[in-house]
Every structure is written in C-alpha cells, then in structure tokens.
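A short reminder: the numbers here are calculations on the coordinates, not readings from a lab. No experiment lies behind these values; they were computed from the predicted model shown. Because the Cβ atoms are built from the backbone with ideal geometry, glycine has one as well, and the counts that use them run over all protein chains shown.
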Amino acid sequence: MALTTELPLLGRSEAELEQWATAHGLPAFRGRQLHGWIYGRGVSDWRAITVLPAALRDAPPAPLGRSREHHRSLASDGTLKLLLDLADGLTVETVGIPTADRLTVCVSSQVGCPMACRFCATGKGGLQRSLAVHEIVDQVLSVREAMQRRPSHVVFMGMGEPLLNIDAVLAAIDCLGRDLGMAHRQITVSTVGVPRTLPQLAEQALARLGRCQFTLAVSLHAPDQALREHLIPAARSYPYEQLLDDCRHYVAISGRRVSFEYILLGGLNDQPHHADALAQLLRGFQSHVNLIPYNPIAEEEYQRPTPAAVEGFRRALQARHVAVSVRASRGLDADAACGQLRRRLQVSPQAAAAGRP
Ligand code: SAH
C-alpha cells in the first residue's frame with residue numbers, strides 16, 4: 001500500500017474526517033462513512049471499507065492508524081494482554097480486564113517510561129517515546145476487537161507516565177468520549193507525579209474538553225519522602241508536601257476527588273505504622289486509597305505482601321476514616337504487572353526495528 005506521510009485518521013472527529021475528505025476532493029459524506037467504519041466497525045484496513053470507491057481503497061492517501069497484534073496472552077481469569085506493533089516497529093502493551101459488568105482497558109501512554117520506579121517492569125527499559133493519540137485509542141479498539149466486547153472503563157495504568165504526554169492523553173480521552181461514546185467518569189489517569197503538571201492537567205482538560213471529569217489517581221506508594229524516593233527515584237525532585245499541595249490544587253480546579261495508589265511491598269511499606277503515617281498525611285483530604293499488592297517482576301527482589309499484612313493495612317486506614325479498597329490481582333499468569341509481557345518477550349527497540357521479536 002502506498003501510504004503517504006499524512007497523519008492517521010484514527011483520533012479524528014466526524015467533522016475533522018469530513019474536512020479531511022473534502023480536502024482530498026471527496027464528498028463530505030465519505031468522512032462520515034470513514035467515521036462509522038473506523039469507530040463503529042473498528043476496521044483496520046482500507047480494503048475492508050467496501051462502501052468506498054475501489055480507487056480510494058487501493059491507494060489510500062492516509063493510514064487509518066491501527067496497530068497490528070504482535071502477541072496475545074490470556075490468563076485463566078480472562079484477563080487478556082496484547083502486545084501491539086506500532087508503525088515504527090516499536091511495541092506497546094495493553095490489557096483487557098473483564099468482570100461480569102465491566103470491561104476495563106489498561107492503556108499505555110508511552111513506549112517505555114523514564115520514571116524508573118524500582119518495582120516496575122516498564123521502568124527497567126527507560127523511555128523510547130510518547131504515544132500519539134491514534135496509538136492510544138487503537139489500544140481500546142484492539143481490546144474491543146480481541147474480546148468481542150465494548151470496553152466500559154479505561155485506565156491509563158499501562159506503560160508510561162501520562163503526565164509526560166498530556167496533549168495526546170487529553171486528545172485520546174476526548175476521542176474516547178466523542179467517538180466511542182465512553183463516559184469521561186469511567187476513565188482514570190494514573191500518575192506518579194511530575195512537578196508542576198497536575199494543575200496544568202486540570203487546566204488543559206477544562207480548556208480542551210470543557211470539563212475535567214476523569215479520575216486522577218496519584219501513585220504514592222510510601223508514607224514519607226525518604227521511602228518514596230527509595231522506591232521512586234524521580235520523587236527526589238518532587239517533595240511530598242509539594243505533591244500533596246498540587247493534588248489539593250487539582251481538586252480545587254477540577255472539582256473532582258483524587259484517588260491515591262499505594263503498592264504494598266512485603267515487609268517494606270506494608271506495616272500498620274506505615275498505614276498510620278499515610279492516614280496522618282492524608283488527613284482532611286477527601287480521597288480514596290487503592291492498595292495494590294505487589295506483582296513480582298523478574299528483576300526485583302521485592303516480596304508480595306502476605307494476605308494478613310494487606311488486611312492489616314486496610315483496617316488500619318479504615319480505622320482512621322480513610323476510604324480504602326484493595327485492588328484484586330488480575331491476570332497474574334499473564335504477566336500482569338505493568339510492562340512485564342513486553343519485557344518477557346524482550347522486545348528491545350533495536351530488535352523490533354529489525355523485525356525480530
Ligand atoms: N506512571 C503511572 C501509570 C503507570 S503504572 C503511575 O505510576 O501511576 C500504573 C500503576 O501500576 C501504578 O500505581 C504503579 O505503581 C503500578 N505498578 C507498577 N508496577 C507494579 C508491580 N510490579 N506490581 C503492582 N503494581 C505495579
């Protein structure tokens with residue numbers, strides 16, 4: 001297929017696709033047809049859009065923007081992890097997590113991640129690049145297609161740090177709402193914190209989307225600066241108080257609560273005194289704490305917390321009136337932790353570019 005360097009169509013609104021059609025000498029209704037086939041039917045190949053003239057199908061002036069499946073891994077609980085090939089040979093992970101009444105897609109915002117959190121598989125390989133809007137929306141369509149089910153929730157908890165790619169993340173949220181009919185409230189953006197970007201995220205969301213209704217989840221993981229820096233080296237440039245101030249600022253601008261994520265690492269940050277210190281920090285903060293038992297990754301020596309430690313931590317927070325839930329581990333047999341599948345398959349950027357897995 002003779003594809004030009006034109007930007008992909010995925011990610012564009014119906015009006016933008018109409019404009020695209022007329023700019024290419026086509027009637028505007030071709031743009032509406034493309035919109036229906038791209039988002040409604042989830043077509044990944046121009047040749048499959050049978051309503052279009054053959055000349056257009058055979059020599060499309062722009063790529064649709066869909067990625068190809070490189071590998072899939074299905075866990076016994078139904079969690080599906082997809083490794084997708086991007087146009088430049090890099091790969092990205094996405095996960096579909098089904099329950100009876102939900103299908104959550106865990107999307108990546110970057111290929112790799114520069115934050116280097118010590119317990120995270122993605123952090124081990126550094127950052128290759130940020131994803132473009134079509135590469136984020138594609139993950140949701142790919143899971144929809146693979147699981148034959150409409151995703152109800154999207155969480156930006158795959159590879160990458162969304163606050164280092166705010167433009168594309170907000171454009172993707174816009175597209176998911178507008179073109180796939182998802183409610184913004186069913187979308188969660190998870191961040192480990194990048195200085196000065198939290199208020200910016202809320203301001204840009206209001207300016208671009210007219211609302212800031214997605215949920216912000218902040219990965220805290222420790223009840224004090226020293227332990228946090230040990231787990232998250234990037235936290236050295238972001239003092240804890242400043243991070244919490246920025247969260248308050250975010251709440252003031254967006255009018256939404258923030259939820260906090262706390263990974264439980266056996267023996268390291270999972271003791272009742274850690275819970276007490278965390279509750280103290282979050283005093284007066286209308287928030288929700290999500291406890292995430294550590295998923296072991298090959299390279300690290302951290303331990304999974306015992307069930308008793310998880311329960312003890314949860315109770316200690318609850319006793320101090322902190323709203324808390326424990327995230328059930330899903331897909332443990334499908335390399336559940338962020339970035340694990342890609343690492344296990346050892347898809348290095350060089351190997352991928354050379355076409356090797
Ligand atoms: N960079 C963002 C989003 C990606 S990580 C962030 O840090 O929030 C999404 C969540 O998965 C984070 O809360 C992260 O701490 C958690 N996570 C990463 N590695 C994990 C592991 N090995 N076990 C359990 N949770 C993990």
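Averaging over all projection directions, the Cα-based convex hull of segment 64-118 occupies 5.5 nm² in the image plane.
Oblate is the label for segment 121-205, because the ratio a/c of its alpha-carbon gyration tensor axes (a ≥ b ≥ c) is 1.5 or higher and a/b is not greater than b/c. Among the GluC sites (Glu not before Pro) in segment 1-110, those placed in a DSSP loop whose Cβ has at most 16 other Cβ atoms within 10 Å are 6. Can you tell me how segment 14-58 classifies by the Cα gyration tensor, rounded, prolate or oblate, using a/c under 1.5 as the rounded cut? Oblate shape, in that a/c is at least 1.5 and b/c is the bigger or equal ratio. Within the listed set 56, 220, 127, the Gaussian network model of the chain (springs between alpha-carbon atoms below 10 Å) gives the highest mean-square fluctuation for 56.
Could you calculate the FRET efficiency of residue 88 with residue 329 from 1/(1 + (r/R0)^6), where r is the beta carbon distance between them and R0 is 25 Å, rounded to 0.05? Using R0 = 25 Å, I get an efficiency of 0.15. Projecting the Cα atoms of 91, 9, 238 onto the dipole axis of the chain, where Lys and Arg carry +1 and Asp and Glu carry -1 at the beta carbon, places 9 farthest toward the positive end. Between 66, 118, 327, the Gaussian network model of the chain with springs among Cα atoms under 10 angstrom shows the greatest mean-square fluctuation at 327. Once you sort the root eigenvalues of the Cα gyration tensor of segment 142-271 as a ≥ b ≥ c, which label holds: rounded (a/c under 1.5), prolate (a/b larger than b/c) or oblate (the other case)? Oblate is the answer for segment 142-271, as a/c is 1.5 or above yet b/c matches or exceeds a/b.
Geometric descriptor of the chain, per residue, is 134 Å³ (volume of the convex hull of the Cα atoms).
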